[in-house]
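This report concerns only the one structure given below.
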Amino acid sequence: ATCRVRGGVAAQESLLIEGEVEGEVACEKVLTLEGLVRGPVTCEACVIAGRLEGGLACRGEARVLPGGRVEGNVEAGSLVLRGYIRGDVKVAGLPNLDSAEAHLEGDLDAGRVRVEEGAVLCGQLRVAQPAPAQGGADAGQ
């Protein structure tokens with residue numbers, strides 16, 4: 001029997017979701033999703049092998065494994081995509097579309113990006129140049 005939770009889930013430690021959650025999920029450490037979440041997720045880091053129907057805000061690394069699906073916007077420190085995302089993605093660090101199974105339907109904003117052969121990006125890619133370093137010879141003028 002599949003475990004179903006209606007309402008929010010909050011964890012101060014790492015969290016494994018194998019069943020279904022209908023509501024917000026907040027995890028202060030690593031979230032591993034093998035089941036289904038319908039609602040927004042915030043976490044330190046995550047591994048998604050199941051399905052997320054809602055936005056994802058991940059301060060550290062977000063990993064979407066083959067067979068993993070995210071339907072919603074994603075903000076992450078870094079991203080390893082080997083599964084599927086439908087939504088706009090903003091990554092502070094390096095997004096890596098890491099395999100031929102990687103599929104992103106949405107816009108991608110990042111400072112740089114790595115795309116393996118066979119990966120699919122259907123949307124706009126916006127690569128922002130890093131701001132110039134402050135200081136140097138002209139700093140006092």
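The values are calculated or read from the model by the stated rules, or taken from the named source; none is laboratory data. Here the structure is a predicted model, which means the values were calculated and not measured. Neighbour counts run over all protein chains shown; Cβ positions are idealised from the backbone, glycine included. The protein model used for the area step is the full one, side chains on, heavy atoms only, and it has no ligands, DNA or RNA in it. Shrake-Rupley method; radii C 1.70, N 1.55, O 1.52, S 1.80 Å.
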Practice prompt. Would you tally the residues in the range 81-93 being within 16 Å of A49 (Cβ to Cβ) and open to solvent by 20 Å² or more (accessible area, probe 1.4 Å)?
Written response: 2
Response to the item:
Filter the range 66-80 for residues that are among the small types (G, A, S), closer than 17 Å to L33 by Cβ and touching a Leu at 6+ places or on another chain (Cβ under 8 Å); the one that is surrounded by the fewest Cβ atoms within 10 Å (Cβ to Cβ) is G72
Worksheet, complete the sentence: Matching residues in the range 33-47 (touching a residue at least 24 places away in the same chain (Cβ under 8 Å) and open to solvent by 30 Å² or more (accessible area, probe 1.4 Å)) number 1
Discussion item. Checking V127 against (1) aliphatic (A, V, I, L, M); (2) surrounded by 12 or more Cβ atoms within 10 Å (Cβ to Cβ); (3) at pLDDT below 90: exactly one of these is not met. Which one?
Written reply: (2)
Worksheet entry | Condition check for V37: at pLDDT below 95 and of a type outside the set (D, E) | no
Discussion item. For G118, only one of the following conditions fails: (1) surrounded by fewer than 17 Cβ atoms within 10 Å (Cβ to Cβ); (2) modelled with pLDDT of 95 or more. What is its number?
Written reply: (2)
Item to complete: Those residues that are over 19 Å from R63 (Cβ atoms), of a type outside the set (S, T, Y) and surrounded by fewer than 14 Cβ atoms within 10 Å (Cβ to Cβ), I need them from the range 1-32; list them, please.
Response: A1, C3, R4, R6, G7, G8, A10, Q12
Worksheet, complete the sentence: Residues of the range 94-112 being outside any strand (DSSP E or B), open to solvent by 50 Å² or more (accessible area, probe 1.4 Å) and either modelled with pLDDT of 90 or more or farther than 14 Å from A62 by Cα (or both), in sequence order, are A100, E101, R112
Item to complete: Working only within the range 7-29, note down all residues that are part of a strand (DSSP E or B) and in contact with a Lys or Arg (Cβ under 6 Å, 6 or more places away or on another chain).
Response: E20, E22
